[in-house]
Amino acid sequence: MSNTGKGATKVAAHLGKESNLIRNKKRGLLIASVSTAAVMLATSLVSATSSSAASVPSWCGPKKITLGFGDGFGGNSWRLVTTAAVREEAKLCPSVTKLYYADGQGKTDKAIADIKGMVAKGVNALVYFPDAGKAMLPALRAAYKAGVVTVPYRVTPGGTPGKDYTMFVGTDFQLAGKNWGEWIKKNVPAGGNILMLSGPAGNSQGTEERKGLEASLAGTDYKFIGANPFEATGWDPGKSQEVLTAAIAKYPKIDVIVSDFGPSLVSALDAAQKTGWKIPAMAASDGNVLGCFWKDMQATQPNFKLMTVSTQNDHSRLATQWAIALATGGKKPANKQYPSLVFEDSVSGKPNAVQCRKDLPGDVYLSAKMSGDRQAKLKSN
C-alpha cells in the first residue's frame with residue numbers, strides 16, 4: 001500500500017586509491033625509473049576513473065532529464081518515506097537535473113491536473129502512484145502520448161503497457177494475502193471471523209490481497225465479515241479509525257483483522273481496548289507505532305498476536321530506477337516487480353520478532369532501506 005515521503009543522501013565517491021606497483025623483498029633497495037613512474041601514474045588515473053564511474057548507478061544514463069513524481073494521496077507517513085526514497089534515487093543520477101513532486105490529496109480531479117501540469121512543465125519521465133486506479137488512465141495515457149516515459153507503480157491503472165503508458169512496476173499483492181492466510185491458519189482458531197481493510201474502494205492492491213487471502217484459506221471454515229472485498233479506508237489514518245470503530249460496534253466477534261496499512265489502526269485499537277474490548281490477532285503491514293503498541297499491550301491483551309509483511313516503502317525506488325533508466329539511456333534494472341516479504345511474527349519470531357524503537361516517532365517503518373533515524377528527520381512537503 002500503499003501512505004507517507006522525503007529527503008536525500010549523497011553518494012560518496014572513493015577517489016585516489018593508492019597502488020603499490022612494485023614491491024622489493026629486500027629492504028632498503030630503491031627502484032626508481034621513468035617507466036615505473038609512468039605505470040604508477042597510469043594506474044592511479046585508471047583507479048580514479050573507475051571509482052568515479054562506480055559512484056553513478058548503472059541505471060543512470062548520460063541523457064539529461066527532468067523527472068516528475070506524484071501521489072494520488074500523499075497525506076500519510078508512508079508516502080512521506082516513499083517520496084524521500086524517490087528523492088534519494090534521483091540524486092544518485094547526475095543526469096536528473098530537476099525533480100517535480102505533486103500530491104493529489106486524495107482528490108482524483110487534482111491528481112489528473114497534477115499529471116497534466118507536470119507534462120506542461122516538460123518532464124521527460126513520470127513516476128506515479130495512481131491511487132484512483134482506472135480513473136487515472138486517461139491522464140497517464142496523455143502523458144505517454146506526449147513522449148513522457150510514464151511509469152505508474154504499485155496500484156494498476158488498467159490499460160496496456162506500451163500503449164497507455166511505458167511500463168507498470170508492480171508487486172505480488174496476492175503473495176502478501178497468501179502469507180497472511182498461512183499465518184492465520186496457524187494462529188487463529190478455525191471458523192474465526194476475518195475483517196479486512198484496505199485503501200480506496202476498488203483499489204487493485206486490496207483486491208489482489210483479498211484474492212491471495214481467499215486462495216490460502218480455501219477449504220477452511222474461516223468467515224469474512226464486512227464489505228467485500230474489503231472495508232475502504234483510503235489509507236487515511238482518520239478514515240481508518242472511523243471504519244474500524246464502526247466495525248467493532250457492528251460485529252461482536254472479530255477474530256482477526258487484516259490490514260495493508262496496519263499502523264493507521266492503532267488509535268482505534270487503543271480506544272476500543274480502553275472500553276474493555278479484546279484486541280484480536282492482526283495480520284498487517286509493519287510500522288513502528290504498531291510494533292510498539294503491540295509490545296505495550298502484551299500484559300493485558302493475550303489474544304493480540306501480530307504478523308506483518310514489509311510495508312514496501314522502497315517500491316518507489318525501483319519504479320524511479322526504471323523511469324530514469326528508460327529516459328536517460330541507462331541500464332534497465334533486473335526486476336520489474338518489487339518483492340513482497342514477511343517482516344515480523346510475534347509467535348515464531350521469524351524472520352524477525354516484532355520491532356519497536358521507542359526513541360523514534362511512530363510514523364517510522366523499520367522494514368525500509370532508509371534508517372529509522374533518517375526517517376525521523378523528514379519533513380512533509
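Each value in this text was obtained by applying a stated rule to the coordinates, not by laboratory testing. All values reported here derive from a predicted model rather than from experimental measurement. Please note: Cβ atoms are built from the backbone with ideal geometry, for glycine as well, and neighbour counts cover all protein chains shown.
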What is the range 173-309 by shape, rounded, prolate or oblate, if you read a ≥ b ≥ c off the alpha carbon gyration tensor as root eigenvalues and call it rounded for a/c under 1.5, prolate for a/b larger than b/c, and oblate otherwise?
-> rounded
In µm²/s, what is D for the range 250-381 at 25 °C and 0.890 mPa s, where D = kT/(6 pi eta Rh) by Stokes-Einstein and Rh is the Kirkwood radius from Cα pairs?
-> 150 µm²/s
The chain, helix-only ellipticity at 222 nm - DSSP H runs n ≥ 4, -39,500 (n - 2.57), divided by all residues, nearest 500 = -11500 deg cm²/dmol
How big is the shadow of the Cα convex hull of the chain, averaged over all directions, in nm²?
-> 24.6 nm²
Anchor Lys358: lysines whose Cα lies under 17 Å away (excluding residues fewer than 8 positions away in-chain) | Lys295, Lys377
Tally Lys/Arg at +1 and Asp/Glu at -1 over every other residue whose Cβ is under 10 Å from the Cβ of Asn76; what's the total?
-> -2
Residues Phe224, Phe343, sorted so that the one with the fewest Cβ neighbours within 10 Å comes first = Phe224, Phe343
Could you work out how far apart the two model spin labels at Lys185 and Ala201 are, taking each label as a point 7 Å from the Cα in the direction of the beta carbon, and quote it in nm?
-> 3.3 nm
Which order do Ile257, Ile279 fall in if you start with the one that has the fewest other Cβ atoms within 10 Å?
-> Ile279, Ile257
Treat the count of other C-beta atoms within 10 Å as a stand-in for reagent exposure and order Phe261, Phe73 from fewest to most.
-> Phe73, Phe261
